[in-house]
Amino acid sequence: MSDLFDDSVPGQPAVGQNAPEFSVSEISGEIKRTLEGTFGRIRVRGEVGRVFKARSGHLYYDIKDDRSVLACTTWKGQISSLSVVPEEGLEVIVTGRLTAFGAQSKYNMNVDEVAVAGQGALMALLEKRKKQLEAEGLFALERKTPLPYLPQIIGVVTSPSGAVIRDILHRLRERFPRKVLVWPVAVQGPNCAPEVARAIEGFNRMTPGGALPRPDLIIVARGGGAIEDLWGFNEEVVARAAAASDIPLISAVGHETDTTLIDFTSDKRAPTPTAAAELAVPVRLDLMAWVEEQGARLMRGSSQAVQQRRQRLNDLSRAMPRPESLLDSPRQRFDRWSEKLPQALITGVQNRRVELGRKAAGLRPATLHSLVQRRRGMLETALAKLSPFPIAREVMRQKGDLEKLAIRLNAAQDLRIERQRQQLDAAGRQLDILSYKATLARGYAVVRSGEDIITTRVAAASAQALSIEFADGAFDLASSGAVSKGAGDTATPPAAKTADKPAREEKEGGQGSLF
């Protein structure tokens, strides 16, 4: 009986044993508490191995050295706070907490901060990103947009509290005052890259001529600093935002010796923020002096052109003949024709008188009378052709054709009616064959009780009155005469009367009970 019961207590050693027993969940929980309590928040240095971003948004990657691998996890809500996103092959220092995943007997590190381990690693990462963007064609010269000569509105992406914005505004006032829109951003730290990218995209989404007008030129500026301070402008999101900008963009990040990724994807690179302001606008005084100089040159050129044309006109006028000499020949011709005009008029009148006499000779009354007679004969001939008899003959001919067609139509109609009558008679005979009346004629009958059809003996016994329809009429049984009998019983029915049923019963066909 002792083998059927287990008196041991969980977690306590059994009889004859020194080690306690744990369940799987207990030992997993104990390991998790030990890891989290012993290490707490730690920093680990290593090379980033495999990187995988799940569809849920969580980031999974490995930190490794020459002998071991540490699995790391950064949850979706922690990714935005990372200063550097892990990339394969990058040497980093990660900060977070160790924890265990008991369902798979694994431990990993939840990382909430990633930093590049050393300047050499940063330069290697920068070179890798530079080659990637260059391979995509974002550094190509043909995709860069020329800067406007004199922009009306300039958008500046920088910190509003630094000396950079003051230098830019001061330089613009000295050279050519323009309207300036400042988009405040963080110029270093983890928020730098996303804020700068959003600022560039925000300027591009503005509506030209709106309440807050869209800039004609964008300047992204920051003062000098170490490579770690300028790293936000080396992020891929900033470089791509600058490359995708429809507004011409000048990058002015750091000093002349500092180079960031945005310098390669921008439309123009300025060595300093002050130099960016100089590239943005010309010098107003120089421009005014140039305009005055061009105006003076225009006046001198106009005066010289007028003087040259006046001299040319004088030269040509001396080569032209005098007006009096130009009129001498036409004046002589006029005098000559004026002398010949009277004689020419007299000669013209005489010639026309002779021609009139010749034409009048052909207009004698006899000639006109013969012409009228000939035309009258032609008219009578034409009238004879317009007699109504040909038209009447044509009408009679067409009337005869119409009567023939009417006879043919009547014959065809009679033939068609006869065929349809034969078809109707055949259908009627078929209907008689299929009607239940033919069945009644062979000795069967239909039994009804009012509107109901009686098909069983039980239903007939319970009916108040019965009507039996034979081939030659209906026979009614009163309720007093209805007697229920067996198969060998007989009953004397009351006097039957023959009556024709309504047309409705004719339509019911074989729905009755046939006996």
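Descriptive notes on the structure:
- Among residues of segment 429-455 that are part of a helix (DSSP H, G or I), those with a beta-carbon under 8 Å from a residue that is surrounded by 17 or more Cβ atoms within 10 Å (Cβ to Cβ) at least six positions away or on a different chain give the pairs 436/446; 436/512; 440/446; 440/469.
- Criterion (open to solvent by less than 70 Å² (accessible area, probe 1.4 Å) and either in contact (Cβ under 8 Å) with a residue 40 or more places away in the chain or not small (Gly, Ala, Ser) (or both)) met by exactly one of 137, 89: 89
- Test: residue in segment 166-186 that is closer than 30 Å to residue 79 by Cα, assigned to a loop (DSSP other than H, G, I, E, B) and modelled with pLDDT of 90 or more: yes
- Total residues in segment 25-37, condition within 14 Å of residue 107 (Cα to Cα), exposed (fewer than 14 other Cβ atoms within 10 Å of the Cβ) and of a type in the set (Ser, Thr, Tyr): 1
- Sole exception among (1) free of Cβ contacts under 8 Å to residues at least 40 places away in the same chain; (2) open to solvent by less than 70 Å² (accessible area, probe 1.4 Å); (3) not hydrophobic (A, V, I, L, M, F, W, C) for residue 143, by number: (1)
- Filter pass, residue 272 being within 16 Å of residue 159 (Cα to Cα) and hydroxyl-bearing (Ser, Thr, Tyr): yes
- Among the residues of segment 42-54, those that are open to solvent by 40 Å² or more (accessible area, probe 1.4 Å) and farther than 21 Å from residue 237 by Cβ comprise 43, 45, 47, 50.
- Hits in segment 61-75 - residues which are at pLDDT 90 or above, more than 10 Å from residue 114 (Cβ to Cβ) and either basic (Lys, Arg) or open to solvent by less than 70 Å² (accessible area, probe 1.4 Å) (or both): 62, 70, 71, 73
The values are calculated or read from the model by the stated rules, or taken from the named source; none is laboratory data. All values derive from a computational prediction rather than experimental measurement. Glycine also receives a Cβ, built like all others from the backbone with ideal geometry; neighbour counts cover every protein chain displayed. Only protein heavy atoms, including side chains, enter the accessible area calculation; ligands, DNA and RNA are left aside. Shrake-Rupley method; radii C 1.70, N 1.55, O 1.52, S 1.80 Å.
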